[in-house]
Amino acid sequence: MKIKAPLAALAALLVAVPSGQAQAPAGAVAASAVLRADQPGPVVNKNVYGHFAEHLGRGIYEGIWVKPDSPIPNTRGIRNDVVAALKELHIPVLRWPGGCFADEYHWKDGIGPREKRPAMINTHWGGVVEDNSFGTHEFMDLVEQLGTDAYVTGNVGSGTPQEMMEWVEYMTSDAISPMANLRRQNGREKPWRLPFFGVANEPWGCGGNMRPEYYADEFRRYNTFVKNYDREAPVYRIAAGANAEDYRWTEVLMDQVGRRMNGLSLHYYTLPTGNWGAKGSATAFGEDQWFSTLKRTLRMEELVAKHSAIMDKAEADRKPGPFPGADRKVGLVVDEWGTWYDQEPGSHPGFLYQQNSLRDALVAALNFHIFQRHADRVVMANIAQTVNVLQAMILTDKEKMLRTPTYWVFEMFKVHQGGTSLPVELQSPDYAFGQEKIPMVSASATKAKDGSAIHLSLANTSLSQAVALSVKLAGVTSKAVAGRILTATDMTAHNTFEAPNVVQPAPFAGATLKGDVLEVKLPAKSVVVLELK
Ligand code: AHR
């Protein structure tokens, strides 16, 4: 069948492939799939493409906030270049102020005239002085500039229920009340929207070293004082969930908190070595750590499946309650995920600054495919973290800014936001390394909200093996395919301030439609997103 690519895509095909972009070699290994558009699944919550920005290193300060008098172009102190780049990702939700920082943050220190705000020590992250110049008003300004939703995490570890109650009143009450009046006095007449509120962060660790039974009681107590000032838009309450495979945490929370929470979180980080003392470098690695990183990141599948099964069982066992909404599902909120490497040589050890290579792009794609496969339970995910920290979208150096390979995966995958998931039955060859193996191909598909297109994203984990993938399209009437690819010659390829475009998407001409079969030549170590129309 003749491919009818949209004009814009055809024009894009004429653009030269950037240097560093590999082409599909001959001698590909075969893989097959059935894309079941005839069996649509649940909607992929757009919030799966969410973000997290903590008061940590140069994440907020310099990365986002430069103060209004900075020579770096800004709007009320917030960097214009970073906001413009992030807006292209259609960020649906932004989590703030932590992380571990949240449980030592006292919000009243971050309001009012900036020159009068008290300073504090950021004990978790480098022991640096936090001047509180970025507080509630500045965060909500950022949220409004980005056109995203706020997800604020409250302080249970070292704060009080009164402090939490007053913060929610300050942000969301329209009444003539003490906190709403204080907000007005500080320059904001109307309340802000607060769609999501987290009651603590990692209470099993930096948030207070609690046992799950104790935290369940703390959640019940603190959550009581998170009021819905806007009855039309009740706050979605997220309880702090398990550290990776701590399944007992989920069991206890489901049993003892149950539907008092709307969402329950999960944190899982990908370390190349699995050793917190020597995690591995972001850019100096061989095939052993390419492979181990991808294998470890694929553990997310097992974690999400097992935590979901516990939640399913708890909900199936529960008797229907007398309250409206008592039968709704608790959402799984993966509000911290991503790679965690040794900090960049020469950078501050407490700042968690790391480079980001093609390997991170594969990590992002594999995780999104997992979240989309579990769209019935995973309602949100927040990559750690947006700028200059861990698996960042953006790196800055004073006035300079670059987009990382992870940024480009978010940009390519944004077409999945809010789409209907379509099952992909995949037969993939293995990518073996030593005695271990992982699937070579990963795939996920959605139908766009407006029904105008089907998007199929693909990843090839192999470093050297191209794949010839044949996809039977069940229930698809498309006549044209177009796409983009993210790859590079070298597995450690990354963008620097001197060469910011080494890894960036290029038009992809390796897909052809033959009747109801889509043939794809998927190059080694690549991420591809196809649009079928
Ligand atoms: O994202 C960095 C840190 O990792 C967060 O502050 C904490 O919640 C987690 O341990």
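A short reminder: the numbers here are calculations on the coordinates, not readings from a lab. These numbers were taken from a predicted model, which means no experiment stands behind them. So basically every Cβ, Gly included, is an ideal-geometry build from the backbone, and we count neighbours across all protein chains shown.
If you take every residue apart from A493 with its C-beta less than 11 Å away from the C-beta of A493, what net charge results, scoring Lys and Arg +1 and Asp and Glu -1?
Values: positive: R359, K525; negative: D360, D490.
Value of the local net charge: 0.
How do 202-214, 55-67, 501-513 rank on mean C-beta neighbours within 10 Å, highest first?
55-67, 501-513, 202-214
Charges only on Cβ, +1 for Lys and Arg, -1 for Asp and Glu: so what's the dipole of the stretch 429-533 about the Cα centre, in debye to the nearest 20? Mind showing how you got there, number by number?
Details: 10 positive and 8 negative charges, 80 e Å.
Charge dipole of the stretch 429-533: 380 debye, to the nearest 20.
Given Cβ point charges of +1 (Lys, Arg) and -1 (Asp, Glu) and nothing else, what value in debye, to the nearest 20, does the dipole of the stretch 151-309 about its Cα centre take?
Dipole magnitude for the stretch 151-309 comes out near 320 debye.
Can you give the Rg to Rh ratio for the stretch 167-277, taking only C-alpha atoms and Rh from Kirkwood?
Values: Rg = 17.0 Å, Rh = 15.7 Å.
Taking Rh as the inverse mean 1/r over Cα pairs, Rg/Rh reads 1.08.
After finding the eigenvalues of the alpha carbon gyration tensor for the stretch 416-528, what semi-axes result from the square roots of 5 times each, listed largest first in whole Å?
26, 19, 13
In whole Å, what are the Cα extents of the stretch 320-472 along the three principal axes, biggest one first?
Principal-axis extents of the Cα atoms in the stretch 320-472, largest first: 56, 48, 37 Å.
Taking the radius of gyration and the Kirkwood hydrodynamic radius from Cα positions alone, what is the Rg/Rh ratio for the stretch 70-126, to two decimal places? Write out the running numbers ahead of the final one.
Details: Rg = 14.5 Å, Rh = 14.1 Å.
With Rg and the Kirkwood Rh in hand, the quotient comes to 1.03.
Under Stokes-Einstein, with the Kirkwood radius over Cα pairs standing in for Rh, what whole-number D in µm²/s applies to the chain at 25 °C and 0.890 mPa s?
Using the Kirkwood radius from Cα pairs, D works out to 103 µm²/s.
Treat every Asp and Glu Cβ in the chain as -1 and every Lys and Arg Cβ as +1, leave all other atoms uncharged, and give the resulting dipole magnitude about the Cα centre to the nearest 20 debye.
Value, rounded to 20: 1360 debye.
Hey, if you put +1 on the Cβ of every Lys and Arg and -1 on every Asp and Glu Cβ in the chain, which of P500, G338, L35 ends up farthest toward the positive end of that dipole?
My answer, from the dipole projection, is L35.
Considering just Cα atoms, how many Å³ per residue does the convex hull of the stretch 367-455 enclose?
Convex hull volume per residue, Cα atoms: 147 Å³.
Could you work out the Rg to Rh ratio of the stretch 122-228, with Rh taken as the Kirkwood radius (inverse of the mean 1/r over all Cα pairs)?
0.99
Could you give each residue of the stretch 179-192 its phi-based ³J(HN,Hα) in whole Hz, using Karplus coefficients 6.51, -1.76, 1.60 with θ = phi - 60°, and x for Gly or Pro?
So the Karplus estimates, Gly and Pro as x, are 6, 5, 5, 5, 4, 4, 4, 8, x, 10, 6, 7, x, 8 Hz.
Please state the Cα pair-distance histogram of the stretch 305-407 with 5 angstrom bins from zero: what percent is in each bin?
Spelled out per bin, shortest first, that is 2, 11, 17, 17, 14, 11, 9, 7, 6, 4, 2, 0.
Any chance you could list the semi-axes, whole Å, largest first, of the equivalent ellipsoid that the Cα gyration tensor gives for the stretch 90-175, using √(5λ)? Intermediate results must be reported in sequence, preceding the final value.
Details: eigenvalues 79, 51, 41 Å².
After scaling each eigenvalue by five and taking roots: 20, 16, 14 Å.
Which one of M164, A233, Y431 has its Cα pushed farthest toward the positive end of the charge dipole of the chain, where Lys and Arg give +1 and Asp and Glu give -1 at the Cβ?
Checking the options against the dipole of the chain, the answer is A233.
How large is ³J(HN,Hα), in whole Hz, for each residue of the stretch 290-306 in order, when computed from phi with the Karplus curve 6.51 cos²θ - 1.76 cosθ + 1.60 and θ = phi - 60°, using x for Gly and Pro?
With the stated coefficients, the stretch 290-306 comes to 4, 5, 5, 5, 5, 5, 5, 5, 5, 4, 3, 4, 5, 5, 5, 5, 6 Hz.
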